[in-house]
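In what follows, a single structure is set out as structure tokens and then discussed.
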Amino acid sequence: QVQLVESGGGLVQAGGSLRLSCAASGRTFSSYAMGWFRQAPGKERDFVAVISWSGGTTYYAESVKGRFTISRDNAKNTLYLQMNSLKPEDTAVYYCAARIGTAALIDRRAYDSWGQGTQVTVSS
């Protein structure tokens, strides 16, 4: 199993930007497809963006398409989420997740390992 640690969350005004990072250790990072999910208070954990093992395939939730970019650096064992034009409705705890396999899947149940989460708060 891979260990995941997120960083980069914080408080930002609407229209601002943040970059989340997820450092992975324990297994070969490039063997895993990766994803970002988020959970707001009282709501389920939702898909945000996912990326294949090579980075060649990505999928985004409609609510973040055009504003967020997922990427990975397999040499650094790190996953990123660049978030621009942030909105108050983006406020949530953001989780990094990994699944054994190369395909990027949007179902959170397909993911085997999870980080502890990082809080993102967007003020209006």
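The values are calculated or read from the model by the stated rules, or taken from the named source; none is laboratory data. Owing to the predicted nature of the structure, the values given are computational and were not obtained by experimental measurement. Here the Cβ is made from the backbone with ideal geometry for all residues, glycine too, and neighbour counts use every protein chain on show. Each accessible area value is taken on the protein alone, full model and side chains, heavy atoms only, with ligands, DNA and RNA left out. Shrake-Rupley method; radii C 1.70, N 1.55, O 1.52, S 1.80 Å.
Quick notes on this one:
- Residues residue 14 and residue 46, FRET efficiency given R0 of 30 Å [Cβ-Cβ distance, rounded to 0.05]: 0.90
- Of the GluC sites (Glu not before Pro) found in the range 24-124, those in coil by DSSP whose Cβ has at most 12 other Cβ atoms within 10 Å are 44, 62.
- Each Lys and Arg Cβ is given +1 and each Asp and Glu Cβ -1; about its Cα centre, the range 22-97 then shows a dipole of about 140 debye.
- Net length gained if the chain between residue 25 and residue 69 were fully extended (0.36 nm per residue, minus Cα distance): 13.6 nm
- On the beta carbon distance between residue 7 and residue 62, with R0 = 25 Å, the FRET formula returns roughly 0.40.
- Over the range 39-124: Kirkwood hydrodynamic radius from C-alpha pairwise inverse distances, Å: 13.6
- Put the Cα centre of the range 40-62 next to the Cα centre of the range 83-124 and the gap is 6 Å.
- Carbon/sulfur fraction of accessible area - the range 1-104, other protein chains in place, 1.4 Å, %: 47
- Cα lying deepest toward the dipole's positive end in the chain, options 57, 29, 68, charges on Cβ: 29
- Two-site label geometry, residue 121 and residue 103: point separation in nm, points 7 Å out along Cα→Cβ: 4.0
- Just checking the listed ones, 61, 24, 33: in the Gaussian network model of the chain with Cα springs under 10 Å, the one fluctuating most is 61.
- For the chain, the solvent-accessible area with a 1.4 angstrom probe is 49 square angstrom per residue.
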